[in-house]
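*Asks:* Handing you this structure, nothing more for now.
The values are calculated or read from the model by the stated rules, or taken from the named source; none is laboratory data. Keep in mind that this is a model prediction, so the values were computed, not measured. A quick note on method: Cβ atoms are made from the backbone with ideal geometry, for glycine too, and the neighbour counts reach across all protein chains shown.
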Amino acid sequence: MNKLKPIFSFIVILILMVIIGSIWNANVSARDNPQDIGPVSRGAQIYDDWTSVVSGAAIPVGDHPIWSRQSYNTISGIDTWRCVVCHGWDYQGIDGAFRTGSYSTGFPGLLEASSKDKSTLVKALDGSSDAQHNFTSMLSEDDIASVIAFLQTGLIDDNEYIDIITRKVSGGDLANGKEKYQQACASCHGDDGKLATFRYEGTEVSLGTLAVQDPWRFLHRTRFGTARAPEMPLGYELGWTAEDGRDVVYYVQSSLPTGFEITDNGGMEIEPVSNLGGPAQNWFSGIVTAFGAMATSLGFAILLGAFFIGIILLLVWLLRSRQA
Ligand code: HEC
Ligand code: HEC
């Protein structure tokens, strides 16, 4: 039996290694952000809602000073400081989806500005061009550089493909959209897009509904993510083309339940976008995602464990056959 002692300590050490390994692995996958994003995606998320992306940002009180230059849009407070609220999910401001309706502001789009050089864009954001358009007390130099990288390389003009009235993507590659959706999205959002819901215009909506109500927000967040879902894979980081993004919206609009199916009978009208829907208050999808992440690492730990147990069994067997 004495001869067996080193073998047993070896086995105990192996088991400890497996346990420690799985704990370490679980920790890493919970913290390790697959969305280890580059400046363009980060800039896009700052554009969406810097107030929830920039850690420790000074959150201003009241409305943005420029907000009072318009009176169509009646939202107030912190949302009025978000780039997207003034410039639009389609980056076209007054010329795009925001040209009418309660969400319109009359403020300019940024497609033209996107071809300007960096120093001009810095001047647009540091108050040099317009003293009230100064974000330097809220965004660091790095944040501003990211948002500029996004403006210069991330803006996509989809409005040639999206009907501004019906908000439908006019065609595309349905099979490609389906494949991309099932590969990259269905695990969290479900085959029907209903697994997680989002706050939109005061109600909880599924992915299908959002795709019809606001394909632009859908596209922006599918490509670049949202602060609410740090674990979500991003189209931009996956190397998707502009068409890939539109194909996914096209698929979601036309094949998943949207709640707007009645439109085909010539019935229901789509309400104009009035609430830009700040980050959704959805703890449920957060939990689902957390479990997803845990399951992934657990699956890996089990595999690893099985592997080590296999080795142990092999060792024991070898030992026994030597003794015999
Ligand atoms: C309250 C509304 C509002 C918000 C919020 C806002 N902008 Fe603007 N932005 C404007 C208006 C209006 C202009 C037109 C020029 C001016 O008066 O400053 C403008 C101009 C610009 C320009 C220059 C456009 C050009 O053609 O030269 C850029 C770039 C820009 N904004 C980017 C941003 C970014 C990035 C953010 C978020 C960090 C942001 N804006 C937030 C209203 C807003
Ligand atoms: C790892 C899980 C996960 C995967 C995979 C995933 N998502 Fe998400 N997604 C989330 C979570 C969590 C949210 C945020 C829910 C909330 O707002 O509370 C979210 C939010 C979104 C939103 C923003 C909704 C809004 O409020 O505007 C869109 C759009 C979206 N996802 C589309 C997609 C698409 C398209 C794919 C496939 C490329 C995808 N997601 C893959 C977890 C995921």
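*Asks:* Does the range 126-170 hold any residues that are within 16 Å of residue 116 (Cα to Cα) and among the polar types (S, T, N, Q), and which are they?
*Replies:* Residues satisfying the conditions are 128, 129, 146, 152, 153.
*Asks:* May I pose another question? Do the conditions hold for residue 182, that is, is it within 16 Å of ligand 2 (Cβ to nearest atom), polar (S, T, N, Q) and surrounded by fewer than 17 Cβ atoms within 10 Å (Cβ to Cβ)?
*Replies:* Values: within 16 Å of ligand 2 (Cβ to nearest atom): yes; polar (S, T, N, Q): yes; surrounded by fewer than 17 Cβ atoms within 10 Å (Cβ to Cβ): yes.
Yes.
*Asks:* Now a separate question. Looking at 105, 100 in this structure, which one is surrounded by 13 or more Cβ atoms within 10 Å (Cβ to Cβ), at pLDDT below 95 and of a type outside the set (Gly, Ala, Ser)?
*Replies:* Working: 100 fails: surrounded by 13 or more Cβ atoms within 10 Å (Cβ to Cβ).
On inspection, the qualifying residue turns out to be 105.
Rundown of residues vs (1) within 22 Å of residue 225 (Cα to Cα); (2) out of contact with any Pro (no Cβ under 8 Å at 6 or more places or on another chain); (3) of a type in the set (Lys, Arg); (4) buried (at least 21 other Cβ atoms within 10 Å of the Cβ), yes/no style:
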residue: 56; (1), (2), (3), (4): yes, yes, no, no
residue: 59; (1), (2), (3), (4): yes, yes, no, no
residue: 66; (1), (2), (3), (4): no, yes, no, no
residue: 86; (1), (2), (3), (4): yes, yes, no, yes
residue: 118; (1), (2), (3), (4): no, yes, yes, no
residue: 138; (1), (2), (3), (4): yes, no, no, no
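*Asks:* Pull out all pairs, ordered by first then second residue, where Cβ-Cβ is under 6 Å, the residues are six or more apart or on different chains, the first lies in the range 77-88 and is polar (S, T, N, Q), and the second is within 6 Å of ligand 1 (Cβ to nearest atom).
*Replies:* Qualifying pairs under 6 Å: 80/64; 80/67.
*Asks:* Return the only residue of 252, 248, 273 being of a type outside the set (S, T, N, Q), closer than 20 Å to residue 204 by Cβ and at pLDDT 95 or above.
*Replies:* 252
*Asks:* Give me the helices (runs of 4 or more DSSP H) completely within the range 26-135, filtered to those with at least 1 residues that are in contact with a strand residue (DSSP E or B) (Cβ under 9 Å, 6 or more places away or on another chain) and away from ligand 2 (no atom under 16 Å from the Cβ), ordered by residue number. Don't jump to the end; show me each part of the working.
*Replies:* Numbers: elements: 39-53, 83-87, 118-125.
Answer list for the range 26-135: 83-87, 118-125.
*Asks:* Does any residue of the range 112-133 turn out to be on the phi > 0 side of the Ramachandran plot and either in contact with a His (Cβ under 8 Å, 6 or more places away or on another chain) or at pLDDT below 95 (or both)?
*Replies:* Yes, the range 112-133 contains at least one residue that is on the phi > 0 side of the Ramachandran plot and either in contact with a His (Cβ under 8 Å, 6 or more places away or on another chain) or at pLDDT below 95 (or both).
*Asks:* Same structure, new question: If we scan the range 102-109, do we find a residue that is under 20 Å from the mean Cα position of the chain (by Cα) and not hydrophobic (A, V, I, L, M, F, W, C)?
*Replies:* Looking through the range 102-109, none of the residues is under 20 Å from the mean Cα position of the chain (by Cα) and not hydrophobic (A, V, I, L, M, F, W, C).
*Asks:* Of the residues that sit in the range 148-179 and are more than 16 Å from ligand 1 (Cβ to nearest atom) and in a helix (DSSP H, G or I), which one is surrounded by the most Cβ atoms within 10 Å (Cβ to Cβ)?
*Replies:* So the residue we want is 177.
*Asks:* Quick check on residue 216: is it closer than 15 Å to residue 47 by Cβ and either out of contact with any helix residue (DSSP H, G or I) (no Cβ under 6 Å at 6 or more places or on another chain) or buried (at least 23 other Cβ atoms within 10 Å of the Cβ) (or both)?
*Replies:* yes
*Asks:* For the range 54-81, enumerate the residues that are within 23 Å of residue 221 (Cα to Cα) and within 6 Å of ligand 1 (Cβ to nearest atom).
*Replies:* Selection gives 80, 81.
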